[in-house]
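> Okay, handing you the structure first.
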């Protein structure tokens, strides 16, 4: 029980934070919003997976990746490939020149399914690919960079270049990837239609529960010895290296873990929205994911979820009400948060909300403070 309470939930403070977030996304929002708005929130929550991965990678590891959209896209495309093949059965594609293959392949005069598409006829292969492909790709990048001690702004730029290259590759290979339009017209998951409102509700709750589970797993990583070493590497990397630890291997592991978390979000995005395109893979979405983490607080697993919801809700509201200037409004929101609240929403909570008397009573911090003072006084008297 202590393991669950301390390591997965993060003690009293962490348990209350996860409980409030769970109450919001599992009960309050589904009751308050119609299915259209709730589906939008579900899409936002898929981005939160990437924001959570940046807490591990950037907040605690000090590794700024501007290419998390790459892994988000890899997970999304893995799921989209299975869904597209299921929607491209010979009966549904009978009017094509070559029935039984995706429509964009037929348009590009392919006459058979490419070899790397064939395994994705099985759902278990797609699920395995969501974990294995991003992890393997991140491992190759990590070994190439971290073993050579490439870090800081150089690593950030390289991840941007990787995102750009992958986007160009996807767009250029239209016959294999769907090109600029992406993979669309996705209908069923193992025979279960993902289009009705009832299915959207189910997918929303699956998405929300998965996000809460990822937060708990991430907290477990950060509260372990590895998490403490990760934070030490961020502050004093050379000292950790001179202590005998393989810093490069630690960085590779956390980079791979962050890639898998982002890929899970991408897979859920495909199911939630019903398509995947290269517009979610490149530089712009990757930078937006960093903004989500910065606004929420890059050291807070829960704060980045609120940051993701806030930024995307603002983006939607501004684009609907002020289509000509919404980009400027979004930029102003980000600049204001970074200038006045550098620790994001989590910093606002720690500075203004957590210090309120009722919050201290709720978190038990007053009692903990008095207990520590009593223990110190007893030790002092014992010394005398």
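> Just to check your reading of the model, which residue among 94, 126 is within 24 Å of the chain's Cα centre (by Cα) and under 26 Å from residue 189 (Cβ atoms)?
The unique qualifying residue is 126.
> Among all residue pairs at least 6 apart or on different chains, which show Cβ distances below 7 Å where the first residue, located in segment 210-221, is over 15 Å from residue 54 (Cβ atoms) and the second is surrounded by 19 or more Cβ atoms within 10 Å (Cβ to Cβ) and at pLDDT 95 or above?
Qualifying pairs under 7 Å: 210/264; 210/268.
> Please work out which residue is surrounded by the most Cβ atoms within 10 Å (Cβ to Cβ), limiting yourself to segment 192-209 and to residues that are closer than 18 Å to residue 80 by Cβ and either without any contact (Cβ under 8 Å) to a residue 24 or more places away in the chain or in contact with a helix residue (DSSP H, G or I) (Cβ under 8 Å, 6 or more places away or on another chain) (or both).
Step by step, filter segment 192-209, then rank; the result is 207.
> Go through (1) in a helix (DSSP H, G or I); (2) farther than 20 Å from residue 49 by Cβ; (3) touching a residue at least 12 places away in the same chain (Cβ under 8 Å) and name the single condition residue 292 misses.
With (1) in a helix (DSSP H, G or I); (2) farther than 20 Å from residue 49 by Cβ; (3) touching a residue at least 12 places away in the same chain (Cβ under 8 Å) applied to residue 292, the lone miss is (2).
Residue by residue, here is whether (1) crowded, with 22+ Cβ neighbours inside 10 Å; (2) in contact with a strand residue (DSSP E or B) (Cβ under 6 Å, 6 or more places away or on another chain); (3) modelled with pLDDT under 95; (4) in a helix (DSSP H, G or I) holds:
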site	(1), (2), (3), (4)
4	no, no, yes, yes
14	no, no, yes, yes
20	no, no, yes, yes
26	no, no, no, yes
45	yes, no, no, yes
50	yes, no, no, yes
63	yes, no, yes, no
74	yes, no, no, yes
77	yes, yes, no, yes
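> Within segment 130-137, can one find any residue that is over 18 Å from the mean Cα position of the chain (by Cα) and more than 26 Å from residue 89 (Cα to Cα)?
Checking segment 130-137: not a single residue is over 18 Å from the mean Cα position of the chain (by Cα) and more than 26 Å from residue 89 (Cα to Cα).
> Out of the residues in segment 307-327 meeting the condition of being within 21 Å of residue 54 (Cα to Cα) and in contact (Cβ under 8 Å) with a residue 60 or more places away in the chain, tell me which one is surrounded by the fewest Cβ atoms within 10 Å (Cβ to Cβ).
Only one residue tops the list, namely 313.
> Considering (1) surrounded by fewer than 17 Cβ atoms within 10 Å (Cβ to Cβ); (2) assigned to a loop (DSSP other than H, G, I, E, B), say which one residue 144 fails and leave the rest.
Exception for residue 144: condition (2).
Residue-wise test of (1) under 18 Å from residue 177 (Cβ atoms); (2) in contact (Cβ under 8 Å) with a residue 60 or more places away in the chain.
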| residue | (1), (2) |
| --- | --- |
| 62 | no, yes |
| 87 | yes, yes |
| 90 | no, no |
| 100 | no, no |
| 108 | yes, yes |
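> Kindly evaluate residue 165 against the criterion of being over 24 Å from residue 122 (Cα atoms) and without any contact (Cβ under 8 Å) to a residue 24 or more places away in the chain.
Criteria met by residue 165.
> State whether one or more residues within segment 250-273 are more than 22 Å from residue 72 (Cβ to Cβ), at pLDDT 90 or above and out of contact with any helix residue (DSSP H, G or I) (no Cβ under 6 Å at 6 or more places or on another chain).
Yes, some residue in segment 250-273 is more than 22 Å from residue 72 (Cβ to Cβ), at pLDDT 90 or above and out of contact with any helix residue (DSSP H, G or I) (no Cβ under 6 Å at 6 or more places or on another chain).
> Now, a different point. Pull out all pairs, ordered by first then second residue, where Cβ-Cβ is under 9 Å, the residues are six or more apart or on different chains, the first lies in segment 121-142 and is within 15 Å of residue 75 (Cβ to Cβ), and the second is assigned to a loop (DSSP other than H, G, I, E, B) and at pLDDT below 95.
123/190
> Continuing with this model, one more query. So residue 90 clears everything in (1) assigned to a loop (DSSP other than H, G, I, E, B); (2) touching a helix residue (DSSP H, G or I) at 6+ places or on another chain (Cβ under 9 Å); (3) farther than 25 Å from residue 295 by Cβ except one condition, right? Which one?
(2)
> Of all residues being in contact with a strand residue (DSSP E or B) (Cβ under 9 Å, 6 or more places away or on another chain) and assigned to a loop (DSSP other than H, G, I, E, B) in segment 274-289, which is surrounded by the most Cβ atoms within 10 Å (Cβ to Cβ)? Just the residue, please.
277
> Of all the residues that make up segment 147-187, how many are assigned to a loop (DSSP other than H, G, I, E, B) and crowded, with 19+ Cβ neighbours inside 10 Å?
The qualifying residues number 3.
The values are calculated or read from the model by the stated rules, or taken from the named source; none is laboratory data. Owing to the predicted nature of the structure, the values given are computational and were not obtained by experimental measurement. Note that each Cβ is placed from the backbone with ideal geometry, even for glycine, and that neighbours are counted across all protein chains shown.
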